[in-house]
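For reference, the structure discussed in these notes is given below.
Throughout, read-outs are computed from the coordinates displayed, never taken from laboratory work. As the structure is a computational prediction, the values presented were derived from the model and not from experiment. For neighbour counting, all protein chains shown are included, and Cβ atoms are generated from backbone atoms with ideal geometry for every residue, glycine included.
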Amino acid sequence: MDSFSSFFDSQFSSRHRWNYNSLKNFRQISPLVQTHLKQVYLSLCCALLASAVGVYLHVLWNVGGILTSLGCMGCIFWLLSTPFHHEQKKVSLLMAAALLEGASIGPLVELAIKFDPSHCLLLSLFMLYNMLRYCISTAELYSSWLVLSLVVLWPLVVFSGAAMLARRREYLYLGGLLSSGLSILLWLHFASSIFGGSMALFKFELYFGLLVFVGYIVVDTQEIIEKAHMGDLDYVNHSLTLFTDFVAVFMRVLIIMLKNASEKEEKKKRRN
């Protein structure tokens, strides 16, 4: 019994023993995989820039809509069907898909700007700060893929970093649970579109969907690492995976901010 309890005590202490040096310990990730991750996050950073340009184009000329959504899906399918040796073509398709995706979510961002510009202003300043930081320290970024990941916004950095610092395959088992959660969201959305929804159901879909896609950031990061260890070094496809996760999280966070701002406005009107 003592040996049994001492075993679990040692396991618990080893799992919770943390210091700053453990943050820099990437012995489980080979140099080849680290280089691959550097390419993934650099491509992801460029895709986010292209998406921001797409949002800006919609704000200027109102180009976002069904056509840009269909164009984005077409670029994604074309990218996934393109072999990796056509590297430049795949990168171009990734940038085109990101640009069209940005134009597609442009109406939501434009609504947020009109409703409460302060939220979008803070987000834009934070993105500009990260991009300037990337441009200033380019040489350092090429020597450290972890610093390069800081260019991407904090939700992606925090949860993706947690997956990279964890043990190999530690979070991959969550993939089944997340797939079940995603299917629940799809069925709820289908049922609400037919039978009508409620505010409580909308809030559940919103926050539960945010939780699911944050989990996908963790699982997809570890899956990318495992694929790279097995020889799959298609960094463009892997960047696309994280980009879709980020867009899903970003849209839900923006909707939550809009909903909270509208509720505050309603409370102010009732008081007045």
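Sort 258-268, 94-104 for me by packing, meaning the mean count of neighbouring Cβ atoms within 10 Å per residue, highest on top.
Top of the packing list down: 94-104, 258-268.
Give me the percent relative contact order of the range 168-272, please, defined on Cα pairs under 8 angstrom at least 6 residues apart.
34 percent
Longer than 29 Å from Cα to Cα, which of K89/K114; K203/K268; K38/K89; K114/K203 are they? Say none if no pair is.
Over 29 Å Cα-Cα: K89/K114.
Calculate, in nm to one decimal, what L201 and E226 gain on full extension: separation in residues at 0.36 nm each, minus their alpha carbon distance.
Computed gain between L201 and E226 is 5.4 nm.
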